[in-house]
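Undergrad: Pasting a structure below so you can have a look.
The values are calculated or read from the model by the stated rules, or taken from the named source; none is laboratory data. It should be emphasised that the depicted structure is a prediction, and the values quoted were computed from it without experimental measurement. In this analysis, Cβ positions are derived from the backbone assuming ideal geometry, glycine residues included, and neighbour counts consider all displayed protein chains.
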Amino acid sequence: MFLLQEYLESWAGTTPERVAVRDAGGTLTYAALWAQSGTLAAAMQRWGVERGDRVAVVVQNSVESAVTVWATLRAGGVFTPIAADARTDRIRCILADSGAKLLIAPDTAAAAVQAALAGLECRPTTAWFAPPAGLESDLCVCGALAGPLDRPLDPGTIDQDLAAIIYTSGTTGLPKGAMLTHRNFTNSTGAVARYLHQTAADVTCSVLPMAFSYGLMQVLTAVRAGSEVVLEPSFTFPLDVLRRMEQYGVTMLPGVPSLFAKLLQITPVPADLGALRLMTNAADAIPPAHLLRLREAFRGVEVYPMYGQTECTRALYLDPALVDSHPESVGRAIPNCEAYLIDDGGRRLPPGAEGELVIRGSNVMRGYWGKPKETAEKLRPGDVPGEPVLHTGDRFRTDGAGLMYFICRSDDIFKCRGEKVAPAAIEHALCEMPGVAEAAVVGVPDENDGSAIKAVLVARTGETLSETRVRAFCRMRLEPGLVPRFVEIRSELPKTASGKVRRLDLRNAAPN
C-alpha cells in the first residue's frame with residue numbers, strides 16, 4: 001500500500017467493528033472512521049478543496065480531530081495542524097505561510113481564530129466543528145457528518161504528494177512548515193510499528209498534542225497497525241488518565257520527559273496497569289536517572305528512548321534490552337533509515353567520535369514550505385548523487401558499538417570562560433539529586449565569562465530544594481567549570497505545547 005488511507009480502508013473492510021479511536025466523549029470503529037472521514041472529505045471537496053490544497057485544522061485530541069486527518073488525506077488535501085491553545089499570532093502566521101484554502105476550528109478557539117483572520121490579506125474558507133455562539137456560518141463539520149453518508153471523488157493522490165505540513169514549535173525563531181509526503185508517513189509509521197512490535201491487539205494512550213508530529217504519529221501509526229488509540233487532552237490530571245488507561249486496557253504509553261517526571265511522583269500508581277507493555281520517550285532526552293527509575297517503578301514494562309525531529313518524524317530508537325546497560329543512549333537508526341555523524345567539514349566520522357547527526361531515508365521531509373534558503377541549510381547533498389540528507393543541527397557521539405548518544409542541540413550550546421557548555425550533561429546530573437523532578441540549564445549573559453551557567457529546578461511533590469543544597473550536590477558531581485552560578489527553584493518549567501522546555505524564556509528571565 002502506498003497511501004495511509006489505504007490501511008484505514010483495509011481495516012474497515014476486514015475488522016469493521018474494532019475500535020479505531022476514542023476519547024472521553026465518544027468512540028469510532030474502523031468502519032465508522034472510514035465512513036465519517038469519507039463523508040467529511042466529500043464535504044471538503046464541495047467546499048473547494050482540491051488535490052494539494054492546504055487544510056488548516058485547529059486540532060484537539062479528540063475523535064472529531066482524528067476524523068479531519070483522514071478526511072483531509074482522502075480529499076487530496078494537505079493536513080496542516082494548529083495547536084488548540086495557539087495564540088493569535090501563531091495562527092495567523094501558519095495560515096499566511098501555508099496559504100491554507102480551508103480552515104476548520106472548534107468554537108472554543110473562535111476568539112483567537114477570528115482575530116487571526118482579521119489580519120490576513122487572503123482569508124481561507126472557514127468551517128467550524130460546531131458553530132460558535134453568535135457567529136453565523138454555513139460550513140459546519142458536525143452538520144456535514146449529520147447528513148447522508150457520502151464518498152469523495154478520487155483526487156488521484158500518489159505517495160510523492162504532500163500529506164501534511166507540520167510547523168515547528170518555534171522555540172528558536174519563527175515556525176517553519178516541514179513538508180511531509182505520503183511516502184514519509186508510510187515509511188515512518190511502518191518502521192515505528194515494526195520496532196515497537198505494534199499489532200492490532202495494542203491500545204495506545206496519547207496525551208501528546210496532535211498538532212505536533214509525535215502526537216500525530218500516534219494516530220497514524222495506530223491505523224497502520226490496525227490498533228486502537230485513546231486520545232486524552234493532556235496529562236494535567238494524571239490520575240484521571242491512569243484510571244482510563246486501566247479501563248481501556250492500554251498497552252502503549254508514549255510520552256516526553258515532563259510527563260514521566262510527573263508520573264514518577266505518583267508511584268505506586270493507583271490503577272491497575274497490568275496491560276501496559278511499553279513506554280516511549282521523544283521530544284527531549286529523558287534523564288538517565290528518570291529512565292532507570294521508570295524501569296524500577298514499572299517492572300515488566302519496556303521503555304524505548306527515541307529521537308526524532310519534525311523534519312523526519314522519527315530517526316533513532318534504543319532496544320529496550322539495552323536500556324539498563326546504556327541508559328544515556330538513544331540507540332540506532334530506525335528500520336529503513338541511515339544515521340551517521342559528520343565533522344565540521346562534512347566528513348563522516350567513525351564510531352567513538354562526536355559530531356553533527358545526519359539522517360538519510362524516506363522519512364526525511366521534502367523541505368520547508370515556501371522557504372528555499374532554510375531548506376538548503378537543512379537538506380544538503382549527501383554521498384549519493386542527487387539525494388539530499390537531513391542535517392539535524394544536533395550534536396551526538398557514538399560508542400564503539402555504534403550506539404548514539406545525544407549531547408545537545410546546537411542552539412543550546414553556550415560558552416562559559418571560553419569553554420563550550422552542553423546543558424544536557426548538567427541537567428542529567430541534577431536529575432540524580434534526591435528531590436529533583438525536573439531540571440533545565442541555560443547560559444545567561446555575563447560581562448566577564450561570556451555566559452554564566454543558570455540551573456532552574458522543579459522539586460518533587462513534598463520535597464524542598466535550596467540553592468545551597470543544589471550547589472553542594474553539583475560540586476560533588478560536576479567539574480568545577482560546570483557548577484551553576486545561578487540556581488532558581490520554580491514550581492514548573494515553561495514548556496511548549498509539545499512538551500519541550502522554552503529555554504529562551506529561562507535565558508531572558510533575570511538571574512536571581
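Undergrad: Among 219, 192, 207, which is the only one that is closer than 16 Å to residue 233 by Cα and in contact with a helix residue (DSSP H, G or I) (Cβ under 6 Å, 6 or more places away or on another chain)?
TA: Result of the check over 219, 192, 207: 219.
Undergrad: Among the residues of segment 428-442, which ones are crowded, with 21+ Cβ neighbours inside 10 Å and part of a strand (DSSP E or B)?
TA: Result: 436, 438, 439, 440, 441, 442.
Undergrad: If residue 11 meets every condition in (1) under 30 Å from residue 371 (Cβ atoms); (2) crowded, with 20+ Cβ neighbours inside 10 Å; (3) at pLDDT 95 or above apart from one, which number is that one?
TA: (1)
Undergrad: What tally of residues in segment 283-316 results from selecting those that are in a helix (DSSP H, G or I) and either basic (Lys, Arg) or touching a strand residue (DSSP E or B) at 6+ places or on another chain (Cβ under 8 Å) (or both)?
TA: The number of residues fulfilling the criteria is 4.
Undergrad: Only one of 80, 157 is outside the structural domain of residue 496 (by TED's automatic domain parsing), modelled with pLDDT of 95 or more and under 23 Å from the mean Cα position of the chain (by Cα). Can you tell me which?
TA: One residue alone meets the criteria, 80.
Undergrad: Looking at segment 114-159, which of the residues that are in contact with a Ser or Thr (Cβ under 6 Å, 6 or more places away or on another chain) and part of a loop (DSSP other than H, G, I, E, B) is surrounded by the fewest Cβ atoms within 10 Å (Cβ to Cβ)?
TA: 149
Undergrad: Could you check segment 4-23 and list, in sequence order, the residues that are in contact with an Asp or Glu (Cβ under 8 Å, 6 or more places away or on another chain) and among the hydrophobic types (A, V, I, L, M, F, W, C)?
TA: 19, 20, 21 - these are the residues of segment 4-23 that are in contact with an Asp or Glu (Cβ under 8 Å, 6 or more places away or on another chain) and among the hydrophobic types (A, V, I, L, M, F, W, C).
Undergrad: Collect the residues in segment 93-138 that are in contact (Cβ under 8 Å) with a residue 60 or more places away in the chain, touching a helix residue (DSSP H, G or I) at 6+ places or on another chain (Cβ under 8 Å) and within 20 Å of residue 50 (Cβ to Cβ), keeping them in residue-number order.
TA: If the condition is that a residue be in contact (Cβ under 8 Å) with a residue 60 or more places away in the chain, touching a helix residue (DSSP H, G or I) at 6+ places or on another chain (Cβ under 8 Å) and within 20 Å of residue 50 (Cβ to Cβ), then 124, 127 are the ones that fit.
Undergrad: Would a scan of segment 244-261 turn up a residue that is in the same structural domain as residue 362 (by TED's automatic domain parsing), modelled with pLDDT under 95 and of a type in the set (Lys, Arg)?
TA: So far as segment 244-261 goes, no, none of its residues is in the same structural domain as residue 362 (by TED's automatic domain parsing), modelled with pLDDT under 95 and of a type in the set (Lys, Arg).
Undergrad: Tally the residues that are over 22 Å from the mean Cα position of the chain (by Cα) and either more than 22 Å from residue 505 (Cβ to Cβ) or crowded, with 20+ Cβ neighbours inside 10 Å (or both), restricting the search to segment 413-427.
TA: 7
Undergrad: Considering only segment 75-87, how many residues are under 17 Å from residue 128 (Cα atoms) and free of Cβ contacts under 8 Å to residues at least 40 places away in the same chain?
TA: 0
Undergrad: Separate question: Note down all Cβ pairs under 7 Å where the first residue falls in segment 292-313 and is in the same structural domain as residue 360 (by TED's automatic domain parsing), the second is basic (Lys, Arg), and they're at least six residues apart or on different chains.
TA: Pairs found: 301/277; 302/277; 303/295; 306/314; 308/314; 311/378.
Undergrad: Among 317, 368, which is the only one that is farther than 17 Å from residue 214 by Cβ and modelled with pLDDT of 95 or more?
TA: That would be 368, the only listed residue that is farther than 17 Å from residue 214 by Cβ and modelled with pLDDT of 95 or more.
Undergrad: Output the residue which, of all residues in segment 83-95 that are under 16 Å from the mean Cα position of the chain (by Cα) and part of a loop (DSSP other than H, G, I, E, B), is surrounded by the fewest Cβ atoms within 10 Å (Cβ to Cβ).
TA: 85
Undergrad: Quick one: in segment 14-32, which of the residues that are free of Cβ contacts under 8 Å to residues at least 24 places away in the same chain and not in a helix (DSSP H, G or I) is surrounded by the fewest Cβ atoms within 10 Å (Cβ to Cβ)?
TA: For segment 14-32, the residue satisfying everything is 17.
Undergrad: Continuing with this model, one more query. Kindly indicate the residue of segment 482-512 that is of a type in the set (Lys, Arg) and within 11 Å of residue 284 (Cβ to Cβ) and also farthest from the chain's Cα centre (by Cα) among those meeting that condition.
TA: So the residue we want is 503.
Undergrad: Restricting to segment 384-412, count the residues that are in a loop (DSSP other than H, G, I, E, B) and surrounded by 19 or more Cβ atoms within 10 Å (Cβ to Cβ).
TA: Within segment 384-412, the subset in a loop (DSSP other than H, G, I, E, B) is 384-387, 399-403.
With the extra rule that they be surrounded by 19 or more Cβ atoms within 10 Å (Cβ to Cβ), the set shrinks to 403.
Here the count works out to 1.
Undergrad: Another question, if that's okay. Working only within segment 200-243, note down all residues that are among the hydroxyl-bearing types (Ser, Thr, Tyr) and under 24 Å from residue 182 (Cα atoms).
TA: Passing the criteria: 204, 206, 213, 214, 221, 227.
Undergrad: Given the conditions (1) buried (at least 23 other Cβ atoms within 10 Å of the Cβ); (2) farther than 28 Å from residue 58 by Cβ, report the number of the one that residue 197 does not fulfil.
TA: (1)
Undergrad: Scan segment 332-354 for residues that are closer than 21 Å to residue 377 by Cα and surrounded by 20 or more Cβ atoms within 10 Å (Cβ to Cβ) and report the count.
TA: The total comes to 4.
Undergrad: Just one of 280, 199, 221 is out of contact with any strand residue (DSSP E or B) (no Cβ under 9 Å at 6 or more places or on another chain) and modelled with pLDDT of 95 or more; which is it?
TA: 199
Undergrad: Could you give me the residue pairs with C-beta distances under 8 Å whose first residue belongs to segment 214-236 and is more than 18 Å from residue 259 (Cα to Cα), whose second residue is among the charged types (D, E, K, R) and surrounded by 22 or more Cβ atoms within 10 Å (Cβ to Cβ) wherever it lies, and which are 6+ apart or on separate chains?
TA: Close Cβ pairs (under 8 Å, with a partner that is among the charged types (D, E, K, R) and surrounded by 22 or more Cβ atoms within 10 Å (Cβ to Cβ)) amount to 222/202; 222/228; 225/202; 227/202; 228/202.
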